[in-house]
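Undergrad: What follows is a single structure, and I will ask about it in a moment.
The values are calculated or read from the model by the stated rules, or taken from the named source; none is laboratory data. Computed from a prediction, not measured in an experiment: that's the story for all the values here. We place every Cβ from the backbone using ideal geometry, glycine too, and count neighbours over all the protein chains shown. Each accessible area value is taken on the protein alone, full model and side chains, heavy atoms only, with ligands, DNA and RNA left out. Shrake-Rupley method; radii C 1.70, N 1.55, O 1.52, S 1.80 Å.
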Amino acid sequence: MRIANLSGRLALIDRAGAVALDVERASDARFGPDPQGIYDDWTEFVGWAAGVDPSAGQPFRVEDLGPPAPAPRQVLAIGLNYSDHAAEAGLAEPTAVNVLFTKWPSCLTGPVSAVELPEGGRVDWEVELVVVIGRYTHRVPEDRAWSSVAGLTVGQDLSERILQTAGPAPQYSLGKSLPGFGPIGPWLVTPDEVEDRDDLEIGCLVNGEQVQKSRTSNLIFSVPSMIAQVSATLPLLPGDVLFTGTPGGVGVARTPPRRLAPGDELVSYVSGIGQLRQRFVAAIS
Ligand code: ZN
């Protein structure tokens with residue numbers, strides 16, 4: 001099953017990503033139009049959706065899609081979860097999920113957007129597999145953690161590296177939460193619908209040049225491992241968004257270092273899910 005946020009309304013999407021069926025209308029208002037609220041009702045919703053054919057829906061424009069989880073109570077992002085990225089950052093590989101930060105929800109956008117580059121900033125790309133939580137999850141063991149996942153989507157953990165590393169005790173969250181710095185989408189895909197939920201190709205391209213390419217089987221901590229570890233301390237709530245870390249190939253680690261510039265186009269993808277498309281524009285003073 002695929003769901004999307006189409007102009008602020010919850011919709012079922014067909015497998016081809018071509019048509020959208022409005023959930024409130026198709027369910028005779030059994031389920032409301034709120035794309036975020038559905039995660040509180042996830043099990044019941046999945047049961048209903050299993051009997052519905054979205055191909056009766058209407059064509060739509062991807063530009064009209066918002067984030068599939070637009071107002072999560074918590075956004076968690078994991079740093080250093082691919083060996084090649086830890087190595088290029090010159091940092092040791094973590095032995096547990098302990099590099100955690102947030103992207104504040106105001107930075108979340110849909111899959112196609114224009115992103116303003118802050119004056120004097122160094123904005124970088126980080127393609128990531130993003131997980132949306134489908135049930136209250138506290139202290140779940142790893143072998144049951146996939147059952148906490150509503151679905152998967154593509155994310156960009158756009159990062160302004162100067163803010164990210166400023167100060168005597170650097171903190172990641174501010175430099176990763178500028179307006180538009182958290183595009184996710186294009187839709188949410190349930191894990192049963194991808195070929196292998198633990199091994200998906202992930203990558204991104206700047207102006208058509210591939211700059212990151214990996215597989216989610218290279219995650220140091222897999223999706224169920226990170227859910228088990230985080231939920232050992234922190235309860236995860238329905239609709240929470242989890243950025244799972246980026247593979248090697250970010251701009252700051254290149255020789256010479258690269259940053260996104262006005263006019264650049266960034267395309268990010270995860271196989272079996274879909275793609276994001278961001279265009280970068282100069283700061284409007
Ligand atoms: Zn990241």
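Condition check ((1) crowded, with 24+ Cβ neighbours inside 10 Å; (2) not hydrophobic (A, V, I, L, M, F, W, C)) across all residues:
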site	(1), (2)
His138	no, yes
Arg144	no, yes
Thr153	yes, yes
Leu158	yes, no
Arg161	no, yes
Thr165	no, yes
Pro170	no, yes
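Undergrad: Right, something else. For segment 8-28, what are the residues that are over 13 Å from Gln58 (Cα atoms) and at pLDDT 95 or above?
TA: Selection gives Gly8, Arg9, Leu10, Glu24, Ser27, Asp28.
Undergrad: Restricting attention to segment 270-282, and to residues there that are in contact with an Asp or Glu (Cβ under 8 Å, 6 or more places away or on another chain) and closer than 15 Å to Gly208 by Cβ, which single residue is farthest from the ligand (Cβ to nearest atom)?
TA: First pass over segment 270-282, keeping only residues in contact with an Asp or Glu (Cβ under 8 Å, 6 or more places away or on another chain): 270-272, 277-282.
Filter again for closer than 15 Å to Gly208 by Cβ, leaving 277-280.
Values: Arg277: 19, Gln278: 15, Arg279: 21, Phe280: 18 Å.
Selected residue: Arg279.
Undergrad: Pull up segment 51-92, narrow it to residues that are within 16 Å of the ligand (Cβ to nearest atom) and of a type in the set (Ser, Thr, Tyr), then point me to the one that is surrounded by the fewest Cβ atoms within 10 Å (Cβ to Cβ).
TA: Ser83
Undergrad: Okay, next question. Regarding segment 180-192, can at least one residue be identified that is away from the ligand (no atom under 14 Å from the Cβ) and more than 17 Å from the chain's Cα centre (by Cα)?
TA: yes
Undergrad: Looking only at segment 168-214, how many residues end up being touching a helix residue (DSSP H, G or I) at 6+ places or on another chain (Cβ under 8 Å), of a type in the set (D, E, K, R) and farther than 30 Å from Ser147 by Cβ?
TA: Of the residues in segment 168-214, 0 are touching a helix residue (DSSP H, G or I) at 6+ places or on another chain (Cβ under 8 Å), of a type in the set (D, E, K, R) and farther than 30 Å from Ser147 by Cβ.
Undergrad: Looking only at residues in segment 29-50 that are touching a Phe, Trp or Tyr at 6+ places or on another chain (Cβ under 9 Å) and not small (Gly, Ala, Ser), which one is surrounded by the most Cβ atoms within 10 Å (Cβ to Cβ)?
TA: Among those that are touching a Phe, Trp or Tyr at 6+ places or on another chain (Cβ under 9 Å) and not small (Gly, Ala, Ser), it is Ile38.
Undergrad: Further question on the same structure: Which members of segment 225-259 meet the condition of being more than 16 Å from the ligand (Cβ to nearest atom) and either outside the structural domain of Gly134 (by TED's automatic domain parsing) or surrounded by fewer than 17 Cβ atoms within 10 Å (Cβ to Cβ) (or both)?
TA: Ser225, Ala232, Thr233, Leu234, Pro235, Leu237, Arg254, Thr255, Pro256, Pro257, listed by residue number.
Undergrad: Next question. Is it the case that Gly175 is within 16 Å of the ligand (Cβ to nearest atom), open to solvent by less than 10 Å² (accessible area, probe 1.4 Å) and without any contact (Cβ under 8 Å) to a residue 60 or more places away in the chain?
TA: Spelling it out, Gly175 is indeed within 16 Å of the ligand (Cβ to nearest atom), open to solvent by less than 10 Å² (accessible area, probe 1.4 Å) and without any contact (Cβ under 8 Å) to a residue 60 or more places away in the chain.
Undergrad: Thr109: assigned by TED's automatic domain parsing to the domain that holds Ile162, free of Cβ contacts under 8 Å to residues at least 40 places away in the same chain and of a type outside the set (Lys, Arg), yes or no?
TA: Details: assigned by TED's automatic domain parsing to the domain that holds Ile162: yes; free of Cβ contacts under 8 Å to residues at least 40 places away in the same chain: no; of a type outside the set (Lys, Arg): yes.
Taking the combined requirement at face value, the residue does not satisfy it.
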